[in-house]
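The values are calculated or read from the model by the stated rules, or taken from the named source; none is laboratory data. Since this is a predicted model, take the numbers as computed values, not measurements. We place every Cβ from the backbone using ideal geometry, glycine too, and count neighbours over all the protein chains shown.
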Amino acid sequence: MPTLKNRRKVLDLMDRIGKLEQELYEELSKEGEKIKCDFASERIPLWDYIRKARPSYLLSAPVIYGMIVPALVMDLGVTIYQAICFPVYGIPKVNRREYIVIDRHRLPYLNALQKLNCAYCGYFNGLIAYVREIASRTEQFWCPIRHARRVREAHRRYWRFLPYGDGDHLMERWQKLRAELHRESEREENTLETKSS
C-alpha cells in the first residue's frame, strides 16, 4: 500500500501540473496580443489552394470527411449516456461547450476550404476531449484502479486512482474517490447558482 507521504507527493505533483498548465495558457494568450498579419497577402484563393493540392490529398478527402458520421453518432451517444446515467450516479455532467470549440473559421486569412477544415478539426478534437472527460469520470466512479503498465497520456483523474494490485481497504478508498466526484458536482452547482444570482 502506498504511504501517506507518497500520496501527498502525487497530489502535490498534480497540483503543480495544474498550475503550470494555467501558466502555459496565460503565456499563450499573450501571443495573440502581439500578432500582426497582412490578411490580404496571406490568403490563398480557394481554387489555387485546390489546384496546388497533391492528388492523394484530394483522393483521401472522402475518407477524412466520412469520419463525421461515426463522430456524430459518438457525440450523440455519449451525450445521451451522461444525460441519463450521470444524475443517477451523482457524477457532474461534462459541459460540452468547454471542450468543443469552433472559432478558427472566423480568421479572415483562411479560404473557405481551410475554414471548413479548421471547423472540422476543432469539432473532432474537441469531441475526443469531451468523450475522454466523460469516460474518465465514469472510470473514476466504476473502476478507479491504475493499470499495471504505464499508460501514455493518461487523463487528469488517472493519477488519483488506486495502485494496481493494492486491494487494502478497497471499498473504503473507492468510496472516497466517488465522494470526490460528488463534491465536484456540488461545487459546479454552487458555481452555477452564484453566476445566476
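Points to keep in mind about this one:
- So Lys115, is it out of contact with any strand residue (DSSP E or B) (no Cβ under 8 Å at 6 or more places or on another chain) and within 21 Å of Asp12 (Cβ to Cβ): no
- Where a residue in segment 48-70 is among the aliphatic types (A, V, I, L, M) and its partner, wherever it lies, is surrounded by fewer than 12 Cβ atoms within 10 Å (Cβ to Cβ), with Cβ under 9 Å and at least six apart: Ile50/Leu58
- Flag for Leu192 being within 26 Å of Gly77 (Cα to Cα), modelled with pLDDT under 85 and in a helix (DSSP H, G or I): yes
- Pro70 passes every criterion in (1) surrounded by fewer than 13 Cβ atoms within 10 Å (Cβ to Cβ); (2) more than 15 Å from Cys121 (Cα to Cα) apart from (2).
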